[in-house]
Amino acid sequence: MAEDKSVYPTATAEIGRRRKELAPEIHDAFEKFSRAVFSPGALDEKTKQLIAVAVAHVTQCPYCIAGHSQLARRKGATDEEIMEAIWVAAEMRAGGAYAHSTVALHALGDAHQYESQ
């Protein structure tokens, strides 16, 4: 039977303790910041977690994808809402490449043909 090896190491309590041990003040400040960001405000917690799911897919962080998908569900998001947030992220990432073609067209000298007089 083949051994299951992930590209990403497992996040463990020991890793968390070591991270805090190496930079306790920064660690604590980050945790406080994170709690503030995800607490209810103008946006409710479910919406914030759906945004986090989408952003996690764009930044391609597997830890964030797993964690925020689970948190979104705990805050009341349905699987359909989570998947729709992922599709929004996919469109935005693809849209970024599409929009940035403007840079390539300018570099190629073609953009002048499309500029308004």
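Restricting to segment 107-117, name every residue that is modelled with pLDDT of 90 or more and in a helix (DSSP H, G or I). The one that is modelled with pLDDT of 90 or more and in a helix (DSSP H, G or I): Ala107.
Look at segment 57-73: where a residue is without any contact (Cβ under 8 Å) to a residue 40 or more places away in the chain and a partner is buried (at least 16 other Cβ atoms within 10 Å of the Cβ) and not in a helix (DSSP H, G or I), sitting 6+ places away or on another chain with Cβ atoms under 9 Å, you get Ser69/Ala77; Leu71/Ala77. Which helices (runs of 4 or more DSSP H) does segment 23-103 wholly contain that include 3 or more residues that are more than 22 Å from Ala11 (Cα to Cα)? By residue number, 45-59, 79-99. Being modelled with pLDDT of 95 or more, exposed (fewer than 10 other Cβ atoms within 10 Å of the Cβ) and not acidic (Asp, Glu): is that true of Ala36 here? Yes, satisfied. As a summary of the residue check, His68 satisfies the conditions (1) loosely packed, with under 14 Cβ neighbours inside 10 Å; (2) under 26 Å from Gly16 (Cβ atoms) except for the one numbered (1). Looking across Ile82, Ile65, Ile26, Ile51, one residue alone is over 23 Å from Gly96 (Cβ atoms) and out of contact with any Cys (no Cβ under 7 Å at 6 or more places or on another chain). It is Ile26. For segment 80-91, the criterion of being under 27 Å from Val7 (Cα atoms), charged (D, E, K, R) and in contact (Cβ under 8 Å) with a residue 12 or more places away in the chain is met by no residue.
Selection of first residues in segment 18-40 that are farther than 27 Å from Ile51 by Cα and of second residues that are of a type outside the set (A, V, I, L, M, F, W, C) and assigned to a helix (DSSP H, G or I), restricted to Cβ pairs under 9 Å at least 6 apart or on distinct chains, gives the following pairs, ordered by first then second residue: Glu21/His27. Looking at segment 1-17, which of the residues that are among the acidic types (Asp, Glu) and over 18 Å from Pro62 (Cβ atoms) is modelled with the highest pLDDT? Out of the qualifying residues, it is Glu14.
The values are calculated or read from the model by the stated rules, or taken from the named source; none is laboratory data. Not measured: the values here are computed from a predicted model. Please note: Cβ atoms are built from the backbone with ideal geometry, for glycine as well, and neighbour counts cover all protein chains shown.
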